[in-house]
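Visitor: Quick one: structure below, then a few questions.
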Amino acid sequence: MIHIIGQDQAIELLTQAIVYQRIAPAYIFAGPPGVGRALTAKYFIQLLFSHTDSPIPESSSLQSRIQKRNHPDLLWVEPTYLHQGKLLSQREAAEAGVKRKSPPQIRLEQVRDINQFLSRPPLQAARSVVVLQQAETMGESAANGLLKTLEEPGKRATLILIAPGVDSLLPTLVSRCQRIPFHRLTQENMQFVLKKVGYGEILDKPEIIAMAQGSPGEAIACWKLLQQIPADILEVATQGIGDIRQALELGRDISKSLDTEAQLWLIDYLQHCYWRRQQVYGVERLKHLEMARKYLLSYVQPRLVWECTLMAICSSKNLG
C-alpha cells in the first residue's frame, strides 16, 4: 500500500489484513480530519478490488475510478444538507449558492441507500465497499439504521466509517468495527506534506498552523477559507475595532458576507489571533467569541450575535 506520511500503524494494520485475507466486515478510521484517513481508505479499497497486496500503477483505470468514486461496487457517503426536499453534498450546496444555517449530516435516507446498495451482490469486484465520511454527523435514527446493517453486513461487504474518534459514535456501532488509528503529524511531517502539495506559504501563517494542530488537510482547508473572507473584514477584525460604530458595521458585514459555517470558522481564527498576540484583555475577548459560537449554534440571528460580540470586544479594549 502507498505510504501515507505519519500513519505507519494504520498502514501496517490494513496491509496485514490484505496479506492474510482477514478483512473485517467494518472498520473505523479514527483520527483528526486532514491526516490521510480518506486517502488511506481509497488505497485500501483499491487493494481490496484488485485482489493483490502489491501497489497499483498510477495510471491504473481502477485507481482512477476509485478516486472519482464511480466504481459500481463502491458507495461513498458524505454528510448532506436538506434543501427543498433534496439532499445536497457540501460541494453541491456551495455550487447552488444555498445559504447553510446548520452543519450537514448523514441522514436516515442515506443509510437506507446503503442497505439497498448492499442488498445486491458486487458487480465487478470481490466485495462491495461503503465509506461513510464524517460518520460522527449521523443522527440517532441514522445511526440506529446503520447498526442493523453492521449486525449483518454480508460476507462480501466491508464498511469504513471515517470519524474523529470512537467516542464520537454510538458504542454499539464501535463494538462492531475494527479500529484503525490515525494520528496528528509532527511539525517536521507537516512541513514536508504542505511543501510537497504546494502549500508551503501556509507555514508563514502561525494562526493557521495552530488551528490545524498537526493536520495538513485542516491547514489547507483553513487557508482556503481565509482567502474567501473579504480583506476589509479580516483587517478590522484582527487589527482592532476602533469604536462602537465600527463594531456595528463589522457585525453587519460579517453576517451579510459569510454563511454560518464561515462565521464559526472566523471565530476560531480570531481566537487564535488574540491568543497568540496576547493582547490586553485577550482572555475576555476569547470568552466573548466563545459565547458568540454558542449563540450561532443555537440559531440566534447572526447579525445580532456579531454586533453584541464586537461591541463587547470594543468596550473591553476601551477600558484598557
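Visitor: Pairs of Cα atoms under 8 Å, at least six residues apart: use those to get the relative contact order of the chain, whole percent.
Guide: Relative contact order here is 20 percent.
Visitor: Related question: Quickly estimate the mean residue ellipticity at 222 nm for the chain, helices only: each DSSP H run with n ≥ 4 gives -39500 (n - 2.57), and the total goes over all residues, rounded to 500. Could you put the intermediate results ahead of the total?
Guide: Values: 15 runs with 173 residues, N = 320.
Taking each H run of at least 4 residues, the total per residue is -16500 deg cm²/dmol.
Visitor: May I pose another question? Can you tell which of 180, 114, 233 shows the greatest fluctuation in a Gaussian network model of the chain with Cα springs below 10 Å?
Guide: Taking springs between Cα atoms under 10 Å, the residue moving most is 233.
Visitor: Assign one of three labels to the chain, namely rounded, prolate or oblate, based on the Cα gyration tensor with a ≥ b ≥ c the square roots of its eigenvalues; rounded applies when a/c is under 1.5, prolate when it is not and a/b is larger than b/c, and oblate otherwise.
Guide: Note, shape of the chain comes out prolate.
Visitor: Considering every pair of different Cα atoms, what Kirkwood radius, in Å, is found for the range 65-125?
Guide: Values: mean 1/r = 0.0763 Å⁻¹.
Evaluated over the range 65-125, this radius sits at 13.1 Å.
Visitor: In whole Å, how far is the Cα centre of the range 1-44 from that of the range 103-172?
Guide: 17 Å
Visitor: For the range 229-319, what does the relative contact order come out to in percent, with C-alpha contacts under 8 Å and a separation of six or more?
Guide: Numbers: 80 pairs, mean separation 37.0, N = 91.
In percent, rounded to a whole number, it is 41.
Visitor: From the square roots a ≥ b ≥ c of the eigenvalues of the alpha-carbon gyration tensor of the range 147-198, which class results: rounded (a/c under 1.5), prolate (a/b over b/c), or oblate?
Guide: Verdict is prolate for the range 147-198.
Visitor: What shape does the range 219-320 take by its C-alpha gyration tensor, where a ≥ b ≥ c are the square roots of the eigenvalues and a/c under 1.5 counts as rounded, a/b above b/c as prolate, and the rest as oblate?
Guide: Values: a/c = 1.40, a/b = 1.19, b/c = 1.18.
Rounded, because the longest to shortest axis ratio a/c is under 1.5.
Laboratory data are not the source of any read-out in this text; all were calculated from the coordinates shown. Keep in mind it's a predicted model, so treat the numbers as computed, not measured.
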